[in-house]
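First comes the structure, then the notes that go with it.
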Amino acid sequence: MSRRVDQKTAARVVREQIAAEDRRRRVMWTAIGVVLAVLIAGAIGYGVWQAQQPTKFNVPATATEKQDGMVIPGTTGKAKVEIYLDYQCPACKGVEEAITPMVDQWIKDNKITLIYHPVAILDPASAPNMYSTRSSAAAGCAADGGKLYEFSKQLYARQPAENTGGLPDDDIIAAGGAAGLIDPAFARCVRDGTYKGWAKKLTDDFTKRGLQHTPTLFVNDVEVVADKGKGDTNVVDALKRMVTDVK
């Protein structure tokens, strides 16, 4: 009798172990299924997002060969000066105001080729109206009208504080009018967001170049950084030194 009881107990233990193993497998495969479902959903979501990104975009006539910026008309000098900027960036405004007298003279002397890269990295500071993107796109409209340099100054003069929503299109158009952009085509370009897709490309190219902040300046592909050993106290001094050194 005792032997039969032991056998029954052993059989029950085995059945329980098998049942426990079955439950463990079911839990494991359920977990794997959930993970796969999340991964698949994420892949689908990314695919949808990617599909919504602009694959084609309009480009201003004054765009660089790489389509990553705009050349200021009438600047063809040996020193290639590139300025990466965001029209919502206070530091960009400060640097622009500080270098304007030098830049104006260099343009007059045909010393520089001036290239603007208006990127849109501060959209979160003007959510939800995406002022950085809209002003970057508007810069393309201004370039079409041959007034990007003047338009940029007008936008900086009206620069809104960060986290305040940014300028509405009407104010951007008014800035264009003050810069001499009185053709209705400019206002239409701004309202239609003609260059919004290109503004995204400019920002992507900014990141691909390894840049993280604005303003960032280059002279003949060398980043402008103040060098105290060469007498620089700030980026303005460094820019002056580097442009002057180009012969």
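The values are calculated or read from the model by the stated rules, or taken from the named source; none is laboratory data. Remember, predicted model here, so these are calculated numbers, not experimental data. All Cβ positions, even for glycine, are placed from backbone atoms using ideal geometry, and neighbour counts span all protein chains on display. Ligands, DNA and RNA are excluded from the accessible area calculation, which covers all protein heavy atoms including side chains. Shrake-Rupley method; radii C 1.70, N 1.55, O 1.52, S 1.80 Å.
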Restricting the stretch 235-247 to residues that are free of Cβ contacts under 8 Å to residues at least 24 places away in the same chain and assigned to a helix (DSSP H, G or I), the residue that is surrounded by the fewest Cβ atoms within 10 Å (Cβ to Cβ): Thr244
What are the residues in the stretch 55-101 that are within 30 Å of Thr164 (Cα to Cα), within 19 Å of the chain's Cα centre (by Cα) and either among the small types (Gly, Ala, Ser) or in a strand (DSSP E or B) (or both), if any? Gly69, Met70, Glu82, Ile83, Tyr84, Leu85, Ala91
Please state which one of Ile173, Ile182 is without any contact (Cβ under 8 Å) to a residue 40 or more places away in the chain and either of a type in the set (Asp, Glu) or surrounded by fewer than 19 Cβ atoms within 10 Å (Cβ to Cβ) (or both). Ile182
Which pairs do you get when a residue that is under 29 Å from Thr207 (Cβ atoms), found in the stretch 103-118, comes within reach of a residue that is at pLDDT 95 or above and open to solvent by 70 Å² or more (accessible area, probe 1.4 Å), reach meaning Cβ atoms under 7 angstrom, with the pair 6+ apart or on two chains? Thr113/Thr76
Pairs needed: first member in the stretch 194-223, within 22 Å of Thr113 (Cβ to Cβ); second member anywhere, of a type in the set (Lys, Arg) and open to solvent by 20 Å² or more (accessible area, probe 1.4 Å); C-beta distance under 6 Å; at least 6 residues apart or different chains. Asn220/Lys80
What number of residues within the stretch 82-107 satisfy the criterion of being open to solvent by 50 Å² or more (accessible area, probe 1.4 Å) and among the polar types (S, T, N, Q)? 1
Across the stretch 215-234, the tally of residues that are open to solvent by 20 Å² or more (accessible area, probe 1.4 Å) and assigned to a loop (DSSP other than H, G, I, E, B) stands at 9
Looking at Lys208, Lys240, which is the one that is closer than 19 Å to Ile72 by Cα and of a type in the set (Lys, Arg)? Lys240
The stretch 200-214, subset among the hydrophobic types (A, V, I, L, M, F, W, C) and in a helix (DSSP H, G or I), residue surrounded by the most Cβ atoms within 10 Å (Cβ to Cβ): Leu202
Can we say Ala138 is in contact (Cβ under 8 Å) with a residue 40 or more places away in the chain and under 19 Å from the mean Cα position of the chain (by Cα)? yes
